[in-house]
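Structure first, then comments.
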Amino acid sequence: MSIPNDDSAALLQFDREHLWHPYASMLDPTPVLPVVSAQGVRLTLANGRELIDGTSSWWSAVHGYNHPVLNAAAQKQLQAMSNVMFGGLTHPSAIRLGQLLVDLTPVPLTKVFFSDSGSVAVEVAIKMALQFWRAQDGKKKHVGRKNKLLTVRGGYHGDTFMAMSVCDPVDGMHQLFNGILTEQFFADRPQTRFGEPFDTGDLDSLKELLATHHDDIAALIIEPIFQGAGGMHFYAPDYLQQARKLCNDYDVLLICDEIATGFGRTGKLFACEHAGISPDIMCVGKAITGGYVTLAATLCTDRVAAGICAGEPGALMHGPTFMANALACAIACASIELLISQPWQRCVRIIEMHLRSGLEAARALPNVADVRVLGAIGVIEMHDAIDIRKAQTAFVERGLWVRPFGKIIYAMPPFVMSDDDLRTLTQGMVEVAALL
């Protein structure tokens, strides 16, 4: 096989024939665009065209691209070492990042387990919950049965196997694996929207499942306030408040998956703060490094950590090769410190204002089912499934990178996006929605 040279056409042909992209067919792949550089909120293509990135590279590049502070952190860490195994060793970047996470996440999350990606952080969280109850076996007569998970419909928690088992089994992306995945308990999705008076009937399904099956349920796992890839759905904080109480009443752990919502995206540093609650276990990822490199973390309380380690074999049985990668941790420290040193809440409020005003015109379109905004998240939901190729082409023609899925056109822009670029982004979203 010949290796392609720098010729763009040859490179793209190699990509088409050999590189498998996310959720894509190798038989008839959606065309991809070659990016040669990125700066601020703009992606530069091989032909010199620039696109405003409305998705923050799958919600992670909150500071935009090629940021001098993050670049400097990476270069400084590389001069010392790129990585060292975390088994039996440690390093300053991991320690500092752990301090930041413990300080910034809700009390009483005090223990930090680093991993490679959001999906793996969810696997670790699930493993923590299951191993916690297994370690209690014999202390309480029901504990040996607590080996199932409870979640809500419409959720998405990742692509690895246990993570897939708590994604929506009907409308989610992983229906193909039904019958193979571990069967879990699914409560009805809460219908009361963020900012609306809470309908306590939203809790009926959750209450019934906990009352009937709490002896079998190790943990409730939920995306707080905002369900992301399951449909960009915002729900009332009251639901999360009551879910926390129900977990306490029925002796079930609460896992908050903050991978999409963490580090300011919803207007709070972590979305569970909207409800004023703290989980027993929390997953963070995506924006943790400002989109530079892959990293995630799973935090838990002293109770969970002590419960796990008091049982056999006395340790959490997980250990990624690149756990607490030094380069990633150094960049994550710089990204988090940069975020909290700036008026990020004001930036998110300004983005929210632009999304609300700019997307409102889409509400009158006959093919639009709903328009909704929370923090730096703007959503246009269509009545019918979107022709992704048609939509992507239309966005590129308008100088935008927006990647719809299902019936959803959405924007999750970098926090540094200017007012003019936000207006261009929202105008383009409305125009493309009108075409579909």
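Only aspartates and glutamates eight or more places from K146 in sequence, or on another chain, were considered; those with a Cα closer than 19 Å are E123, D137, E183, E208, D215, D216, D249, D251, D280, E312. Using the Karplus relation 6.51 cos²θ - 1.76 cosθ + 1.60 with θ = phi - 60°, the per-residue 3J(HN,Hα) values for region 301-308 come to 7, 4, 4, 5, 4, 5, x, 5 Hz, with x marking Gly and Pro. Computed 3J(HN,Hα) for region 151-157, one whole-Hz value per residue from the Karplus formula 6.51 cos²θ - 1.76 cosθ + 1.60 where θ = phi - 60°, is 8, 10, 5, x, x, 9, 10, glycine and proline marked x. I'd like the Karplus ³J(HN,Hα) series for region 347-356: coefficients 6.51, -1.76, 1.60, θ = phi - 60°, whole numbers in Hz, and an x wherever there's a Gly or Pro. With the stated coefficients, region 347-356 comes to 4, 5, 4, 5, 4, 4, 4, 5, 5, 4 Hz. With K and R counted +1 and D and E -1, the other residues having a Cβ less than 12 Å from that of V62 yield a net charge of +1. The longest stretch of the chain left intact once loop-based chymotrypsin sites (Phe, Trp or Tyr not before Pro) with at most 14 other Cβ atoms within 10 Å are removed from consideration, loops following DSSP, is 24-436. Please list, in order, the residues from region 384-405 whose amide nitrogen is less than 14 Å from a point placed 7 Å along the Cα→Cβ vector of Q427. Only 398-400 pass the distance filter. Just to be sure I understand: with springs between alpha-carbon atoms less than 10 Å apart, which residue in P34, P404, P413 has the highest mean-square fluctuation in the Gaussian network model of the chain? Judging by the Gaussian network model, the answer is P34. Each of I277, I336 was scored by other Cβ atoms within 10 Å of its Cβ. Listed from fewest to most, they are I277, I336. Sorting M128, M317, M323, M85 from the fewest to the most surrounding beta carbons within 10 angstrom yields M317, M85, M323, M128. Rg and Dmax of region 166-278, both derived from C-alpha coordinates alone, stand at 14.0, 40 Å.
Dipole of the chain computed with +1 at Lys/Arg Cβ and -1 at Asp/Glu Cβ about the Cα centre; of A330, L203, A24, farthest Cα towards the positive end is A330. Overall, region 52-152 carries a charge dipole of about 800 debye about its Cα centre when +1 sits on the Cβ of Lys and Arg and -1 on the Cβ of Asp and Glu, all other atoms neutral.
Charged neighbours of T200, selected by a Cβ distance under 10 Å, balance to -3 (K, R count +1; D, E count -1).
Amide H contacts for R398 (H built 1.01 Å from N in the peptide plane; partners 5 or more residues away or on another chain; cut-off under 5 Å): none found. Within the chain, DSSP assigns beta bridges of which about 65% are antiparallel (rounded to the nearest 5).
When the Cα atoms of region 231-296 are aligned to their principal axes, the ranges along those axes come out at 41, 22, 21 Å in descending order. Amide H contacts of Q191 (H built 1.01 Å from N, in plane; Pro and chain starts excluded): no residue 5 or more places away or on another chain comes under 5 Å. With a cut-off of 11 Å between beta carbons, the residues surrounding P404 carry a summed charge of +2, where Lys and Arg count +1 and Asp and Glu -1.
For a quick check: sort S117, S82, S57, S25 by the number of other beta carbons within 10 angstrom, fewest at the front.
On the way: S117 18, S82 13, S57 21, S25 9.
The most exposed by this proxy come first: S25, S82, S117, S57.
On full extension, the segment bounded by A10 and C309 gains 102.2 nm, given 0.36 nm per residue less the C-alpha separation.
Taking every DSSP helix (H) stretch of at least 4 residues in the chain, weighting each as -39,500 (n - 2.57) and dividing the sum by the residue count yields a mean residue ellipticity at 222 nm of -11000 deg cm²/dmol. For a modelled paramagnetic label at N66, 7 Å from Cα along Cα-to-Cβ, the residues of region 396-420 in reach, with backbone nitrogen under 19 Å, are 399-401, 414-418.
Given C-alpha coordinates of the chain, what is the ratio Rg to Rh with the Kirkwood estimate of Rh? Numbers along the way, then the final one.
On the way: Rg = 21.9 Å, Rh = 22.7 Å.
Rg/Rh: 0.96.
Take the Cβ-Cβ distance between S418 and K390 as r, set R0 to 30 Å, and report the resulting FRET efficiency rounded to the nearest 0.05. Calculated transfer efficiency: 0.60. In a Gaussian network model over the chain where Cα atoms closer than 10 Å are linked, find which of L11, L209, L422 has the largest mean-square fluctuation. Between L11, L209, L422, it is L11 that shows the largest mean-square fluctuation. Mean-square fluctuations from a GNM of the chain, with a 10 angstrom spring cutoff on Cα atoms, peak among E223, E183, E258 at E183. Annotation: amide H of D370 within the under-5 Å range of E381, sequence separation 5 or more or interchain, hydrogens built in the peptide plane.
Bear in mind these aren't lab numbers, they're just calculated from the coordinates by the rules spelled out. No experiment lies behind these values; they were computed from the predicted model shown. No Cβ is skipped: glycine too gets one built from the backbone with ideal geometry, and neighbour counts run over all protein chains shown.
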